[in-house]
1. Tell me the mean residue ellipticity at 222 nm calculated for the chain from its helices only (DSSP H runs of n ≥ 4, each -39500 (n - 2.57), averaged over every residue, nearest 500).
2. I need the semi-axes of the equivalent ellipsoid of the range 124-231: take the C-alpha gyration tensor, multiply each eigenvalue by 5, square-root it, list largest first in whole angstrom.
3. Multiply the residue separation of residue 527 and residue 340 by 0.36 nm, subtract the distance between their alpha-carbon atoms, and state the gained length in nm to one decimal.
4. Quick one: what Rg and Dmax do you get for the range 467-582 from the alpha carbons, in Å?
5. How long is the gain from residue 280 to residue 347 if the chain were fully straight, where each residue apart is worth 0.36 nm and the alpha carbon distance is subtracted?
6. Would the range 293-434 count as rounded, prolate or oblate if I go by the C-alpha gyration tensor, calling it rounded below 1.5 in a/c and otherwise prolate when a/b exceeds b/c, oblate otherwise?
7. Using the eigenvalues of the Cα gyration tensor, what equivalent ellipsoid semi-axes result for the range 597-660 when each is taken as the square root of five times the eigenvalue, whole Å, largest first?
8. Helix 114-126 versus the longest principal axis of the chain: what angle, 0 to 90°, nearest 10, using Cα atoms?
């Protein structure tokens, strides 16, 4: 009883370390852990779209991983409790990571005892950096799958240790199927678990087990087939494109295998320099602990493999160590299986610059997770008692290098609660993508079902998508742009026109210049008295992606450069300046001090170009948010000397526009 209580206290300690480290990271350096283009849609936006009769069927946001939908659904209670913030969205992967830790602890305890379980849990809680960062990314798949992989593994081990009975078979089969539903990459884990079961039970018993194992698996994976049937089998199409479409070149396979083992396996942990020490040291420490644990497991894995082969041939063995040996075989088999899958696929490992470097090694999340098993199980095979910590020590020391991710100045704390957790306008990609098969009229009918601010963002997004499609079709030649407005209801065309401007802001960044065709078309339409041209110029100030606080020093110079470019067209500039005012108003709403300071320096120069339009835009932007404004300092103190009448006029016009 005393030992069991100590074990649970050890689990509580590991959970406390897991939570404390991530609270420190997100509390001091939130922007380091933000990937808005991969998190805020669909995961963060799905709660705003769901439950609206006649709205967008949320299954249509399914890409190749149903974990995206699961993360979005789990964000619903998080938003309800904590508000629709970016921090509330990140609580979902944090919660799933805590579940992964619990199931990891249970699985290791089932096979190697509580000391090994504590070692594994602490190694997971402290790192590697790729796992730490992904435990805060609401990406929907590469990390979220770990909890369900660990659950499937624990259920399998528990069943074979406690007795194979119908109810356990049904539950285990369900965990296998649900793991594959959450992430198709879990199929490798499921395959190994199925082979493990076959070897432990033998073919005859396995056939009998299928009467319960099969229905459980079918129940768990059924949502995956339903989603794929509904969406044109896009998940399985992804597998086809990545693993079979391009064929297999033996030379390329060998080259990719060499890169996997000789380069990526070391780099995958992504530890950074810390305390004057090189991150390469931490990477080497973790890899050394893993390799040592792996080698120590090889004899047991070999015994397990031989026993499983005999079992598969109809001679299953009995014995106290057979499950432990089977687990060692599972863990040792996973790495070469993963390496071969990578080598024979079209998957790319592309190292990226900070803060996105972990995203380049997303395919290693499951390997790094199982590495914690390997280190812990190898440690208890090397030595008993406290000496077992010697093997795990390098991995635990390496975990301290995650201190490099903390902003020790504590100068930008609690930013996550100020950011929106969603990006509604990005939904337009799903509304108008050809693979979903919606006409513009159908997309508009769905958009009309949503509240005004959500609806406004949807139409802005659709304007951007349609404009990008026209640009791609033009191939640099004559651009048929303005006619796309005819596809939309007249009362929604103002927001669609702004979306056209958003598209050309996006293109200006990619091409490092503003497309003169857009400027010429806007000037011609404006001269003809078309007010929508002015709104398109407003949209030119709006970025497609949601900017974080540390993006502002890059985004504000972009706006300044566009303003200088339009100064040669004085009839166009005031409309753009109004759009800049709206962007700054939406930014000030967030109540982030570092953004406020940057805007105080930037705004006067922009307002000097066209004061009244700037103030009108600022007023409109202050009304433009789904969540209440968080301005702590009165606006007249932040930006003294504003045209109060123009500011109020902008507020009034925006409210009237949304009310239409």
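Each reported figure results from applying straightforward, stated rules to the coordinates on display, with no laboratory input. Treat the numbers as computed from the prediction; the structure is a model and nothing was measured. Please note: Cβ atoms are built from the backbone with ideal geometry, for glycine as well, and neighbour counts cover all protein chains shown.
1. Numbers: 29 runs with 434 residues, N = 660.
After summing the helix terms and dividing by residue count, I get -21500 deg cm²/dmol.
2. Whole-Å semi-axes of the equivalent ellipsoid: 27, 18, 10.
3. Working: separation 187, 0.36 × 187 = 67.32 nm, distance 6.24 nm.
Taking 0.36 nm per residue and subtracting the Cα distance, the gain is 61.1 nm.
4. Cα-based Rg and Dmax for the range 467-582 come out at 13.6, 41 Å.
5. Values: separation 67, 0.36 × 67 = 24.12 nm, distance 2.50 nm.
21.6 nm is the gain from fully extending residue 280 to residue 347.
6. Working: a/c = 2.91, a/b = 1.55, b/c = 1.87.
In terms of gyration-tensor shape, oblate.
7. Numbers: eigenvalues 79, 46, 18 Å².
Equivalent-ellipsoid dimensions as semi-axes: 20, 15, 10 Å.
8. Taking the Cα atoms of the chain, the angle to 114-126 is about 20 degrees.
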